[in-house]
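This report refers to the structure that appears directly beneath it.
What follows draws every value from the coordinates through simple rules; no lab data is involved. Computed from a prediction, not measured in an experiment: that's the story for all the values here. Using ideal geometry, Cβ is built from the backbone for each residue, glycine included, and neighbour counts are taken over all protein chains shown.
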Amino acid sequence: MSDQPQGFAVILVEPQLGENIGMVSRAMWNCGLRELRIVNPRDGWPNQAAIDAASGAMIPIDNAKIYPDIAAAVADLQVVYASSDRVREMQSRVVTPEYAVREIRALDGQGVTAGILFGPERTGLFNDDIARASALIRIPTNPEFTSLNLAQAVLLIGYAWWSAGLSEEQDYVALGETVPATRQEFDGFFDRLVEGLEKGYFFRSPRLKPHTLRSLRTLFERARLSSQEVRTLQGVINALRRAGAYRFDGRI
């Protein structure tokens, strides 16, 4: 089994009910997925309601890891998707579950780690959460009623993952020699970029700053930067900082 694809991490962002976490665990194990990450569960952890609702699907529950926020939950991952129907408000790449799992399987073959964000039951993911993803997964449903509960969304994407493994022929994404940056590497670069922009008075309108930040993050997320590219961009920031320390012809 060690040479089999490991799948993706299911990341539940602030789930409200233990029962829903248990049903997610059941959906995951139906599809051979075992890595469950939970961000700030409302009712705490461990949760007996989650254990009861899992109906014996305890592998994801037993392996579950708890995180204080999304940044910590995705820090070691190299590719992050977000499951959301809020596609009109964002500029991210939008893919179907089938397309996403083909990408994930190809990346898995290269040793690249991936995760999918699922939002709270009542609100779904917020725009700032979605901006952390390199692509959005939109599950095609009746346009007159697109609402899915948490376990349904996990099951539909999980089933796409499982069924793709039953096919003898699969499409693989050629990565060459590049290794995608971890989320920690990317966030470190982005934080330094924002710090420099703030010092340079780039954000002239406090009201527009959140939207501008999301747009900038989405721009870089779409690029799916490699570790080497992030290091290069860090070097660019360092060079610009050094340049700002000197004056030429009376200008910075």
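For the pair residue 42 and residue 139 in one chain, pulling the backbone fully straight at 0.36 nm per residue adds 32.3 nm over the alpha carbon distance. Across region 93-99, rounded Karplus estimates of 3J(HN,Hα) from the backbone phi angles (6.51 cos²θ - 1.76 cosθ + 1.60, θ = phi - 60°) give 5, 10, 10, 7, x, 4, 5 Hz, Gly and Pro being marked x. Between region 179-241 and region 30-98, the C-alpha centres lie 25 angstrom from each other.
Here region 183-244 has an Rg and Dmax of 12.1, 34 Å, counting Cα atoms alone. The length gained by stretching the chain between residue 30 and residue 239 to full extension, at 0.36 nm per residue less their Cα-Cα distance, is 70.1 nm. Taking a ≥ b ≥ c as the square roots of the Cα gyration tensor eigenvalues, with a/c under 1.5 meaning rounded and otherwise prolate when a/b beats b/c, else oblate, which class fits region 9-164? Rounded is the answer for region 9-164, as its axis ratio a/c remains below 1.5.
Between residue 149 and residue 126, the contour length at 0.36 nm per residue exceeds the Cα-Cα span by 6.6 nm. Just flag the chymotrypsin sites (Phe, Trp or Tyr not before Pro) in region 15-106 sitting in loop per DSSP whose Cβ has no more than 13 other Cβ atoms within 10 Å. In loop regions of region 15-106 (DSSP not H, G, I, E or B), there are no sparsely surrounded chymotrypsin sites (Phe, Trp or Tyr not before Pro). Average projection, convex hull of the Cα set of region 39-113: 7.0 square nanometres. Would you please name the GluC sites (Glu not before Pro) within region 1-97 that are DSSP coil residues with at most 11 other C-beta atoms within 10 Å of their C-beta? Answer in residue order: 89.
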